[in-house]
Amino acid sequence: MFVAGKKPSDMKKPGIDLSECTLCESCVAVCPAVFFINDTGMIEVAELDIYPEADIEEAIKYCPEDCIFWETD
């Protein structure tokens, strides 16, 4: 998807280090449009064209295990 002023390679996507995640679900509570519990009971990141950076930064802030991060190409 094209976003004015941004190339696809500039887009950031949130990631989760599942080996550190304790499934506290704070990310789901703070940002349910991005983070959800999948069918296997693990946290997953939704595939979106654009991620709400402020909401994800809030989820990062409240993650007790510091396992949410930004991926870049």
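With the simple model of a label 7 Å out from the Cα in the direction of the Cβ, Tyr62 to Asp17 spans 2.2 nm. Taking a ≥ b ≥ c as the square roots of the eigenvalues of the Cα gyration tensor, the stretch 19-66 is classed as oblate, since a/c reaches at least 1.5 and a/b does not exceed b/c. Applying the Karplus relation 6.51 cos²θ - 1.76 cosθ + 1.60 with θ = phi - 60° to the stretch 46-53 yields 3J(HN,Hα) values of 5, 7, 10, 6, 9, 9, x, 4 Hz, where x marks Gly and Pro.
We did not get these values from a lab; they are worked out from the coordinates using the rules stated. Keep in mind that this is a model prediction, so the values were computed, not measured. No Cβ is skipped: glycine too gets one built from the backbone with ideal geometry, and neighbour counts run over all protein chains shown.
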